[in-house]
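For reference, the structure is listed below as structure tokens.
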Amino acid sequence: MQNYFSIQFLWVVKSLWRVSNKIPLSMRLLILFLVCSIGLGYAADSYAQKAMISIDVRNQRVEDVLKEIEKQSDFDFFFNNKHVDLNRRVSVSADKINIFSVLKEIFAGTDVKYSVLDKKIILSVEGQSLQQDKKVIVSGTVLDMQGDPIIGASVLEKDVQENGTITDMNGFFKFSVSSSKARLQISYLGYQMQIVRVSVGKQMAVVLEEDTKTLDEVVIVGYGAQKKVNLTGSVAYIKLDDQMNSRPVTSVSAALNGLSAGVGVMQSSGQPGTGATIRIRGTGTLNNSNPLVLVDGVEWDMDAVNPNDIESISILKDASSTAIYGSQGANGVVLITTKKGSGKPRFNYNGYVSVQKAINKLKLVSDYADYMELVNETATNIGNVSIYSQPNIDLWRAAKQDPMGLNDYGVPNYIAYPNTEWFDVLFDTGLSQSHHISMAGSSDKMNYSLALGFLDNPGIMNHWGINSGQKKVTIQSRVEGKVGNWLTIGANVYGNKENIGVAGVAGAFQYLTISVPGIYPGEPGKYGVPASAEESTTANNVLTYLDRRGKDERLNATLSGYFIADVLKGLQVEGRYNYQISRRDVHKWGSSSGVKWDYVKDEVREEASLNRATIYNYAFKSKRANIDLLIRYNTTLWKYHDLGLLAGYSGSLYDSDSFDATKEGMSSWYLIYMNSATKMNSINGSASNWRMQSYFGRFNYAYRGKYLFEANVRYDGSSRFSPDSRWGAFPSFSLGWRVSEEYFMAGTKDYLSNLKLRLSYGKSGNNRTSDYAWQGTYGTAPVVIDGKQTMGLAVSKIGNNYLEWESTKALNVGLDFGLFDNRLTGEVEYYNKNTTGILFTPSIYMTMGFKTAATENIAEVNNKGLEVSLKWNSHIRDFRYSLGGNFSYNKNRVEKYKGVLQKYWGEDGQYVNNFAEVSEIGFGGRIAEGHMLGETYIYKVYHGNGNYDGSGILDLNAGPKDGIIRTEQDMAWVKMMMESGYKFAGNTQVAKNQLWYGDLIYQDTNGDGNYGDSNDQDFSGHSNMPKYYFGFNLSLSYKNFDFSALLSGAAGFHLIWVTQPAFTTGYNSYQFIADDHYFYDPANPTNPKTNITATYPRLGNKNGTSSDFWEYNGNYLKLKNIQIGYTLPQHITRKVKIEKVRLYASADNLKTWTKFPGMDPEIGTSITYPLMKQCAFGLQLTF
């Protein structure tokens, strides 16, 4: 077996070396070293060959002798006690003799045979058929879901006493049954029992599934692991399976959407290389609110990990769970555990090809004749003259009717008279691919894994070689081995290299509406200019901003080494050292493809200019080192008292530096390096570092597995604070009561499987501010010395020696339950967390010059909420199904900031409004005490009863019903109000360029008689942060088919999307505005364009103010993923030495239900790189 493995191993090494030609030599050598180490470790002698047994017993039962062997060694015996006489008396004398000799002596003179596989010993009986007349022989293998043999599984003939066997070290069984219609009952601890009919004449293959109802599921927590039943904190556990790894998601953060209560995931861009924003139980700070992410105990970027390499994810949500991470845990903690080897060597492949389309329902006006008429309407609406002539408009309409006709220069009309929809130009169909191969396995002394991943995601904005995509290579390796019986050592290596496209995506979207449909996009190297002589020269060809040439290369790598020493029984010492590096190299240069081409005459309008072309370089590098030392002690006292202690030390240091420079005036389009440019535009450089030390501990106690207690404390010191306030303590405690285990609950056992109450309270912190926040900093600035201006150093930021930690105190109350043999499980949780001393750098008065204000502990934010999770998991014979849902509600409020907003009339008759002094812009709205983060401060549209009768009698409530002046009756009311001394946004008369038909009027909230002045703005009670997140998942399987679906959504938030109802020369707008805007000309009431019932106001520059008119409900529900798979039967795949073949089709972002008219409510109001609808076809192999 070892010789065969060695030959196979060399073939794998050779194959990997051939396919890795594009990987740097140093990386290939590293991979070869790891793989060879694995092979040598696997080829080592097994434990069974080396272990020596010393035993001296006289006239003892076989059962007692076997227990003694298990006690003084790591061996486990598997046998059927119906076939092995455990009461037989034996005498054995052995002094440091191997296990084979000891077993031979124990079972001498019996028909018991034994097979040894490392630490597993299988006892069986020669000829286990008990009755000679049983002639039907059955045989087969029992496997787990991964295709590994289950050793020692019980295989019994149902309803026939004392006829059965157990599986050997290969999972194989063979025995005689009573008839060809017999049924077998197959079981093993921790797996669901199966009853199957015998198959006579062919070998059976039975696959047992893990029984999650009986397994004590282990959940990763801070610096360790706990059984889920013993958890007292709030921890969400997500196990990634085949279905999760089959989704065409390119980032782990995006894949978490909808999977856990209390975890809000929003993706603000679909551009390759970007991830999602994760908020655990709301936003609790004005600084970085991202959770701490640890991969195998090391802080690391979540999206740098290949999803295929992840075994499970634990999300720590409450303070009792996160306090062990102290100043880094206030925003929650995400613990990612990668896969490690188990069982025989196994090779896995997962690959897919995905077709991508943009999710976008927006359309710009693309008919240039319509656009010109809309521009003219906008101009005349405000009293100006038309911009475009009617002959020019007619010419465009005629050309559209004859697209293949030729103009005077022989150019087809569809080119010479373009009607361009820029969204259609920007977005194309993308085709991405992902491939992942891994090798993993274990022996008694070692476990190992090695994985390589490749992603090519060009995205949907890649015209003519313009690159906005992503290429990424990942590597992951874990090796762990035992040195003797007490010491384990290991090493983990993760790395990735990315190439990110440098296309000017942001610029393209910025100029999307600063363009017109009357520009032909062009072709490679020749970008069109406005085709009409009447068009503004400022109208832009969007592709000129998208076209950027260069490279953006990123490299990240981390190496960890660790040891775990079992010093004494229950006492364990662990040490870990980690070193990380990060590199980024950006190089951009001008391109000769920027030629401006006149497609009307088919000639050059303007050559690309070398003099204006620039070369840009940016380089960033960082390094980080971490060390952790842990001591664990676990014991049980007086049978019922379980104790656990943890003490540890952690230290981190981080250093980074960056450099960038820009030069202008390229010498040649082919000379793209700095020394070939002529003029220095800018040059900058910076460096940064921080240090941190921590001491921490944990105490766990459980009595009879019913009463649970845990306490944590961490003491952190950070260089980001002054020596006087550098250290902070973060304690927590939690309690748990497993009510279902109480004696008075015995009568509920038939339906109540689990009931547990949890309570926790704790304090965690946040130090995510700038590295030198407490210190005053200097920068270059123009200064005056001896009456002369020169460049010197001046204070650029004011220091604050009193700066302290942010701290978050949180209360959590939880209820866990399971019903009907845990087929229905659920969790309900309430939390209240308050963050004080929030670090924030406020604005500063201009009288202080161009300095930045000191960072202060000035704010306090509260988040409270409710979370509910439910899951039903069951089966009907071969049909298995699972249905789950999660819901979370979070209420956010700023409790302390710069003071309370005051708006009132003073005794002197002056209106007091301190809004500017007590609030700041932030989170898509304002930051103000007493309001939610990002709450919008806007005008509110006036709503009257529309009953003005023209009598001239003042009635403040008789104006337009919806705030738009639609009818002459509405206008008469406006005039009456003005005559009575009232104003509308300062307007005192009616005119086209002031207040006119189709304009909005706003509420006079402060009662000063001016409807819509700045004092009438008020907080809306809404923000762009969802109050509700929810997710639903469905999983079905029948025999070899599987199906899954995932829906997720958010609600309770509003988006202010002001789509200016105006078309001006050189500027475009959306088709829905063009189709449904107000128009009325009192001088020509019968004008065919008249539309007084339109949704949107008249075209012009008077109605683009932020108000509740432009406020939209952002609620949405998305069909995030739907997937179907088929696994080929093993009796087919094993003929070609393949354990598993699964084919699947998976689709992401198939459907969105929302009333928001913009691009996507998940993205928000930005017009940016859209999220993508994807359909993937993939293959998974195990061999």
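Worth a mention:
- Residue match in the range 972-980 (condition: closer than 30 Å to Y830 by Cβ and not in a loop (DSSP other than H, G, I, E, B)): no
- For the range 819-837, a residue qualifies if it is within 20 Å of K317 (Cβ to Cβ) and surrounded by 17 or more Cβ atoms within 10 Å (Cβ to Cβ), and the qualifying residues are T825, G826, E827, E829, Y831, K833, N834, T835, T836.
- Test: residue in the range 471-478 that is of a type in the set (S, T, Y), touching an Asp or Glu at 6+ places or on another chain (Cβ under 9 Å) and surrounded by 21 or more Cβ atoms within 10 Å (Cβ to Cβ): yes
- Condition met for T1133 (under 23 Å from N1033 (Cβ atoms) and not aromatic (F, W, Y)): no
- Among residues of the range 954-966 that are polar (S, T, N, Q), those with a beta-carbon under 6 Å from a residue that is surrounded by 13 or more Cβ atoms within 10 Å (Cβ to Cβ) and in a loop (DSSP other than H, G, I, E, B) at least six positions away or on a different chain give the pairs N957/G944.
- Scope the range 930-946; condition out of contact with any Ser or Thr (no Cβ under 9 Å at 6 or more places or on another chain) and either of a type in the set (D, E, K, R) or buried (at least 20 other Cβ atoms within 10 Å of the Cβ) (or both); matching residues: Y942
- Failed item, numbered, when A506 is tested on (1) under 25 Å from Y618 (Cα atoms); (2) under 25 Å from the mean Cα position of the chain (by Cα); (3) crowded, with 19+ Cβ neighbours inside 10 Å: (3)
- Residues (part of a loop (DSSP other than H, G, I, E, B) and under 21 Å from the mean Cα position of the chain (by Cα)) located in the range 1138-1166: M1159, P1161, E1162, I1163, T1165, S1166
- Matching entry among A440, A399, A416 (being touching a Leu at 6+ places or on another chain (Cβ under 9 Å) and either farther than 30 Å from A1145 by Cα or among the acidic types (D, E) (or both)): A416
- The listed residue being modelled with pLDDT of 95 or more, of a type in the set (K, R) and out of contact with any Asp or Glu (no Cβ under 6 Å at 6 or more places or on another chain), out of K361, K344, K400: K400
Here is a yes/no grid of residues against (1) within 29 Å of E860 (Cβ to Cβ); (2) within 37 Å of the chain's Cα centre (by Cα); (3) assigned to a strand (DSSP E or B):
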{"position": "Y904", "(1), (2), (3)": "yes, no, yes"}
{"position": "D908", "(1), (2), (3)": "no, no, no"}
{"position": "H931", "(1), (2), (3)": "yes, yes, no"}
{"position": "P960", "(1), (2), (3)": "no, no, no"}
{"position": "Q969", "(1), (2), (3)": "no, no, no"}
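- Any pair with Cβ under 7 angstrom, 6 or more apart, that starts in the range 823-845 at a residue that is over 23 Å from L933 (Cα atoms) and ends at one that is hydroxyl-bearing (S, T, Y) and assigned to a strand (DSSP E or B): R823/S874; G826/S869; E827/S869
- Selection of helices (runs of 4 or more DSSP H) fully inside the range 1-120 by the criterion of at least 1 residues being under 30 Å from T165 (Cβ atoms) and at pLDDT 80 or above returns 62-72, 99-106.
- Taken together, the residues in the range 782-813 that are in a strand (DSSP E or B) and in contact with a Phe, Trp or Tyr (Cβ under 7 Å, 6 or more places away or on another chain) amount to 8.
- Near pairs, Cβ below 9 angstrom, 6+ apart or cross-chain, from the range 243-254 (closer than 17 Å to N348 by Cβ) to any residue that is at pLDDT 85 or above and part of a loop (DSSP other than H, G, I, E, B): M244/L259
- Pairs linking a residue in the range 739-762 that is touching a residue at least 40 places away in the same chain (Cβ under 8 Å) to a residue that is assigned to a loop (DSSP other than H, G, I, E, B) and β-branched (V, I, T), with Cβ atoms under 6 Å and 6 or more positions apart or on different chains, are R758/T232.
- G998 vs. criteria at positive phi, part of a loop (DSSP other than H, G, I, E, B) and in contact with a Lys or Arg (Cβ under 8 Å, 6 or more places away or on another chain): yes
- Taking the criterion of being under 20 Å from V375 (Cα atoms) and either without any contact (Cβ under 8 Å) to a residue 12 or more places away in the chain or part of a strand (DSSP E or B) (or both), the residues of the range 1045-1080 that qualify are Y1070, D1075, H1077, Y1078, F1079.
- Residue within the range 598-605 that is surrounded by fewer than 20 Cβ atoms within 10 Å (Cβ to Cβ) and more than 30 Å from N413 (Cα to Cα) present: no
- Just one of (1) out of contact with any Asp or Glu (no Cβ under 8 Å at 6 or more places or on another chain); (2) on the phi < 0 side of the Ramachandran plot fails for Y388. It is (1).
- Strands (runs of 3 or more DSSP E) within the range 174-259 that include 3 or more residues of a type in the set (A, V, I, L, M, F, W, C) and at pLDDT 80 or above: 204-207, 218-221, 235-239
- Within the range 490-512, tally of residues that are under 30 Å from S1069 (Cβ atoms) and either in contact with a helix residue (DSSP H, G or I) (Cβ under 9 Å, 6 or more places away or on another chain) or modelled with pLDDT of 95 or more (or both): 10
The values are calculated or read from the model by the stated rules, or taken from the named source; none is laboratory data. Since this is a predicted model, take the numbers as computed values, not measurements. Neighbour counts are summed over all protein chains in view; Cβ atoms, including those assigned to glycine, are modelled from backbone coordinates with ideal geometry.
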